[in-house]
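The values are calculated or read from the model by the stated rules, or taken from the named source; none is laboratory data. Note that the structure is a prediction, hence the values are computed from the model and not measured. Methodologically, a virtual Cβ is constructed for each residue, glycine included, from the backbone with ideal geometry; neighbour enumeration extends over all protein chains shown.
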Amino acid sequence: MGTAGFQPALDRGEPLAEISVRFRAGVDGVAATQWINSLANDFDLWPRPWYDNPQARIGTATKAALDRLFGWKIVRVPLPGSAQNLFWWDDVTQPTRFPEGWVALVESMVRTDPCNDDDGQWYEWPEDSTTEGGAAAR
């Protein structure tokens with residue numbers, strides 16, 4: 001993870017989704033990444049450019065962070081054609097809102113599943129969960 005602040009989400013075992021962010025032309029990617037990482041401890045962009053593109057970053061977010069920050073609802077579904085019973089995220093809704101200042105910095109954000117931070121794990125918070133990040137927090 002890019003920041004130590006993400007560790008509590010990992011310790012809770014929260015379901016993770018990998019995301020890719022592309023900054024707008026002329027945006028300082030280093031400063032924008034630091035600002036975005038300060039928004040929440042369960043949404044984290046890696047500090048280095050993705051594929052050496054200064055406007056691109058890869059990152060990790062919890063399911064709860066995507067919903068809380070963006071109104072982006074995702075759900076686990078079987079990976080099509082998977083003989084190994086693997087799962088990936090599917091969109092229930094696309095992002096419907098953005099933190100103040102986000103739109104001026106970010107051109108696009110997409111999920112990159114299945115990938116390194118979401119390697120086909122099946123888990124998702126149970127609907128009756130009362131733990132932090134579970135249904136009670138949604």
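This table checks each residue for (1) surrounded by fewer than 12 Cβ atoms within 10 Å (Cβ to Cβ); (2) assigned to a strand (DSSP E or B); (3) aliphatic (A, V, I, L, M).
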| residue | (1), (2), (3) |
| --- | --- |
| Asp44 | no, yes, no |
| Gly59 | no, yes, no |
| Arg76 | no, yes, no |
| Ser82 | no, no, no |
| Asp90 | no, yes, no |
| Arg97 | yes, no, no |
| Glu100 | yes, no, no |
| Met109 | no, yes, yes |
- Message: Quick check on this structure: which one of Ala32, Ala25, Ala9, Ala17 is surrounded by 14 or more Cβ atoms within 10 Å (Cβ to Cβ) and outside any helix (DSSP H, G or I)?
- Response: Ala17
- Query: Gln84 versus (1) at pLDDT 90 or above; (2) farther than 21 Å from Pro8 by Cα: which is the lone unmet condition?
  - Reply: (1)
- Item | Odd one out for Leu69 among (1) assigned to a helix (DSSP H, G or I); (2) without any contact (Cβ under 8 Å) to a residue 40 or more places away in the chain; (3) farther than 16 Å from Leu105 by Cβ | (3)
